[in-house]
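Written out below as structure tokens is the structure these notes cover.
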Amino acid sequence: MKKVNCENSMYFLSKVLFQSLLLMLCCFSAFVIAKDNVVDGSSNQVRPNFVWLVSEDNNRDYMRLYKEGGARMPNVEQLAANGLVFNQAFSNSPVCSTARTTLALGLYPTMLGMGYHRPYQTVPLPEGVKPISQWMTEAGYYTSNNVKEDYNFVEPDGHWHRSAVGADWRGRKAEQAFFHMQSWNTTHEHKLHFPVTDVGKVDTKYASEDMKVAPIYPNTKTFRYTKARYLEQHEKIDAQIGEVIEKLRDDGVLEDTFIMYFGDHGGVLPGTKGYINERGLAVPLVVRVPKHFEHLVHNDFRGGKGLRVDGVVSFIDFAPTLLQLAGIDAAQKHIGKPFLGDSISLAALNNRNETYGFADRFDEKYDMVRSIRLGPYKYVRHFLPFNPDGLYARYRYKQAAFNEWYDMFKRGKLNDEQSSFFKVKSAEALYDLVNDPYETNNLADDRAYAKELITLRTKLHEKLASLPDLAVLPEKVLMENVAQIDFSYAREQQPLISALLDIAQWQLLPWSEVEHKIKLTLVSDKPWHRYWALNVALSFGKQAKSILPLANSISRFDSERLNRGRALQLLSVFGQGDVSAQFERILAADNNTIEDVYLLNMATQMKQVRGIPFDLSMKPSWQQPPADMKDKDRKWRLESVHNWLVDRIAYLTSN
């Protein structure tokens, strides 16, 4: 037998044992790392993902997260516990398309003729202006949208990789960062279009007898039930939000993803959506910062602290915030400022105290209202104050509560606060929102607040002139020039817009100081100077009696139908003229459809405020678009306009 070399054997055994031990250590380390991956969600992803979760039409006060007695939303509340809650977040516009256009572009839609809901015609984007989806797509992000878009501009091809029902981030390439936007209509206004017979018969999760309604509303069973029904919709949307969050968790990307939950504007009990009060503009905003990208935000916002932010942010700030966090240097100059970033501290954010709001045509209902908020004070400018907020619009009045509210107004069953919604307005208003959150006490005539009034009035006036705000021009003018609208067009119109804004400011002066100016302007050869002089005169009501001879001439002979119609409104204040017959002649004088919508708004004001009857019929030019029209978006818009006209005629000819 061969003698075994023990020394070599021991060496061999030691080597084998060492290699085995090393292998075991490697396996154990791999196990620990894998385990850590499950627990901590560590990632090799270079750039963060972004998910925007959007509920429609809901003011933040309907949520328990913001106000006692609000809806229970455990998924959103969990996001908040691990993230940031913004106490002062606002849409800049109180209705969908204009709010979403602001989000998409980071510009005010009124700068580019996009401030109407919905637009008669979408506006081409100026050169160099891109929606955030396009910026993200071009930067290598996978972009998806499920599903609402509702923009007032002509959409560029391929700005979303996928925008459709069911779209999500799962169509991306491996390791590709994504931007996903998802909207739900679960809290949309139409959810409150239930028949009045439901009240007290169809149960809700929330007891209607426990509901507290705002003091601007009558405290009726219908209003309490409507609120209870709406809170229930919030619970439903919370479950839908939870499904998306769970999907992110299942895909292992939760800690790579900034999640922003917000409402697209306020709403949606009567007098909220479409109106520039806080109920129409204030939105919930909750942001969850992912662990793997906490370094992109200031240390104040790291660690999932459930922090409350008191600084003011608005939709104009969302685009620059998204692009900064994504590391995208956009050549497009956004108006807003990022509200998250490694150099933006909580103290700096809490010092932000200003926001701006705008509201123009909402379906068939015309108005022009602007607001600016600075700290606790809010200044509101009603450029067409003779139009009550409650001016009839079919879709609004499909709510049982809305109809009841107006019926009680007509029967004299409301107090002053509750009835003001259906009355003509003051040209300007100042509110102390800390002490008057429902904006019922106008301080504009209170000398104690003269400094705040002048400061905000001046600030807003300068802002509108500098943008400039194209909505100072009638919509029909913008639609006639829609192909030319860009920043150059806006600059060309700036002198005219500034002049028209100066005329509009006469509404804020005593009649004795403006009477002569108005008379001179009404004989100007500039049609839109005459238009704004008529708006000013009508806002003074019966004080404007000396204008009647000029108004009578304008109502018959002015080259612009809008001026003839506005002059007729002034005559109606004094019960002069055969208003219905004369209005019918004005309407028949041309076939500019969007101008017809505006003229019928004037007739609606005369009927609702003055009680003037009308005997009108549909014009041949108001027919439905051809069924085989190839441009589906244009067809849908023309169908909407047709429906507005049908509804207006039905209202004007009703008893």
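Within region 318-347, the only residue that satisfies the criterion of being more than 25 Å from Asn152 (Cα to Cα), in contact with a strand residue (DSSP E or B) (Cβ under 8 Å, 6 or more places away or on another chain) and of a type in the set (Gly, Ala, Ser) is Ala326.
Does Lys410 count as under 18 Å from Phe358 (Cα atoms), surrounded by fewer than 21 Cβ atoms within 10 Å (Cβ to Cβ) and either modelled with pLDDT of 95 or more or assigned by TED's automatic domain parsing to the domain that holds Asp647 (or both)?
Against the criterion (under 18 Å from Phe358 (Cα atoms), surrounded by fewer than 21 Cβ atoms within 10 Å (Cβ to Cβ) and either modelled with pLDDT of 95 or more or assigned by TED's automatic domain parsing to the domain that holds Asp647 (or both)), Lys410 does not qualify.
Name the residue that is nearest to the chain's Cα centre (by Cα), counting only residues in region 585-612 that are part of a loop (DSSP other than H, G, I, E, B) and of a type in the set (A, V, I, L, M, F, W, C). Among them, the one singled out is Ile612.
Scanning region 618-648 for residues that are assigned to a loop (DSSP other than H, G, I, E, B), in contact with an Asp or Glu (Cβ under 9 Å, 6 or more places away or on another chain) and under 21 Å from Ala589 (Cα atoms) returns Lys619, Gln624.
Looking only at region 207-223, residues that are surrounded by 13 or more Cβ atoms within 10 Å (Cβ to Cβ) and outside any loop (DSSP other than H, G, I, E, B) come to 4 in all. Being more than 12 Å from the chain's Cα centre (by Cα), assigned to a helix (DSSP H, G or I) and closer than 21 Å to Glu595 by Cα is the filter here, so list the residues in region 91-132 that pass it. Thr110, Met111, listed by residue number.
Quick check on Ala567: is it over 25 Å from Trp644 (Cβ atoms), within 36 Å of the chain's Cα centre (by Cα) and not in a loop (DSSP other than H, G, I, E, B)? When the stated conditions are applied, Ala567 does not pass them. Contact map, region 129-147: residues that are closer than 11 Å to Ala330 by Cα paired with residues that are of a type in the set (Val, Ile, Thr), Cβ distance under 8 Å, separation 6+ or inter-chain. Pairs shown: Trp135/Ile328; Met136/Thr143; Met136/Ile328; Ala139/Ile328.
Selection over region 482-528 of residues that are among the acidic types (Asp, Glu) and either within 30 Å of Glu127 (Cα to Cα) or within 28 Å of the chain's Cα centre (by Cα) (or both) gives a count of 3.
Is it true that some residue in region 67-76 is of a type in the set (Asp, Glu) and either in contact with a helix residue (DSSP H, G or I) (Cβ under 9 Å, 6 or more places away or on another chain) or not assigned by TED's automatic domain parsing to the domain that holds Leu192 (or both)? Checked against the condition, which is being of a type in the set (Asp, Glu) and either in contact with a helix residue (DSSP H, G or I) (Cβ under 9 Å, 6 or more places away or on another chain) or not assigned by TED's automatic domain parsing to the domain that holds Leu192 (or both), region 67-76 yields no hits at all.
If you filter region 479-521 down to residues that are more than 15 Å from Leu550 (Cβ to Cβ) and acidic (Asp, Glu), you find that the one that is surrounded by the most Cβ atoms within 10 Å (Cβ to Cβ) is Asp486.
Taking the stated definitions as given, is Leu616 buried (at least 21 other Cβ atoms within 10 Å of the Cβ) and free of Cβ contacts under 8 Å to residues at least 60 places away in the same chain? Answer is no for this residue. Taking region 47-77 as the range and being of a type outside the set (Lys, Arg) and free of Cβ contacts under 8 Å to residues at least 60 places away in the same chain as the test, the residues that pass are Glu68, Glu77. Restricting attention to region 373-406 and to residues that are part of a loop (DSSP other than H, G, I, E, B) and hydrophobic (A, V, I, L, M, F, W, C), the residue that is farthest from Leu534 (Cα to Cα) turns out to be Ala393.
One residue stands out in region 407-455 among those that are among the hydrophobic types (A, V, I, L, M, F, W, C) and in a loop (DSSP other than H, G, I, E, B): the one that is farthest from the chain's Cα centre (by Cα), namely Leu414.
In region 522-546, which residue that is basic (Lys, Arg) and in contact (Cβ under 8 Å) with a residue 12 or more places away in the chain is surrounded by the fewest Cβ atoms within 10 Å (Cβ to Cβ)? Only one residue fits best here, namely Lys542.
Going through (1) closer than 25 Å to Phe422 by Cβ; (2) touching a residue at least 60 places away in the same chain (Cβ under 8 Å) one by one, Ile594 falls short only on (1).
Kindly evaluate Glu138 against the criterion of being out of contact with any strand residue (DSSP E or B) (no Cβ under 9 Å at 6 or more places or on another chain), at pLDDT below 95 and surrounded by fewer than 17 Cβ atoms within 10 Å (Cβ to Cβ). Give the steps one after another, and end with the answer.
Numbers: out of contact with any strand residue (DSSP E or B) (no Cβ under 9 Å at 6 or more places or on another chain): yes; at pLDDT below 95: no; surrounded by fewer than 17 Cβ atoms within 10 Å (Cβ to Cβ): yes.
Judged against the criteria, Glu138 is not a match.
Yes or no, residue by residue, for (1) in contact with a Ser or Thr (Cβ under 9 Å, 6 or more places away or on another chain); (2) in the same structural domain as Arg648 (by TED's automatic domain parsing); (3) of a type in the set (A, V, I, L, M, F, W, C); (4) under 23 Å from Met479 (Cα atoms):
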| position | (1), (2), (3), (4) |
| --- | --- |
| Ser524 | no, yes, no, no |
| Arg530 | yes, yes, no, yes |
| Ala537 | no, yes, yes, no |
| Gly575 | no, yes, no, no |
| Ala589 | no, yes, yes, yes |
| Met602 | no, yes, yes, yes |
| Gln608 | no, yes, no, no |
| Pro620 | no, yes, no, yes |
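One line per residue, one yes/no per condition, for (1) closer than 30 Å to Pro468 by Cβ; (2) in contact with a strand residue (DSSP E or B) (Cβ under 7 Å, 6 or more places away or on another chain); (3) buried (at least 24 other Cβ atoms within 10 Å of the Cβ); (4) aliphatic (A, V, I, L, M):
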site	(1), (2), (3), (4)
Met111	yes, no, no, yes
Thr122	yes, yes, no, no
Asn146	no, yes, no, no
Asn185	no, no, no, no
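Yes or no: region 598-612 includes at least one residue that is modelled with pLDDT under 95, over 20 Å from Tyr120 (Cα atoms) and surrounded by 18 or more Cβ atoms within 10 Å (Cβ to Cβ). So far as region 598-612 goes, no, none of its residues is modelled with pLDDT under 95, over 20 Å from Tyr120 (Cα atoms) and surrounded by 18 or more Cβ atoms within 10 Å (Cβ to Cβ).
The values are calculated or read from the model by the stated rules, or taken from the named source; none is laboratory data. Because the structure is predicted, anything quoted here is derived from the model rather than measured. Neighbour counts are summed over all protein chains in view; Cβ atoms, including those assigned to glycine, are modelled from backbone coordinates with ideal geometry.
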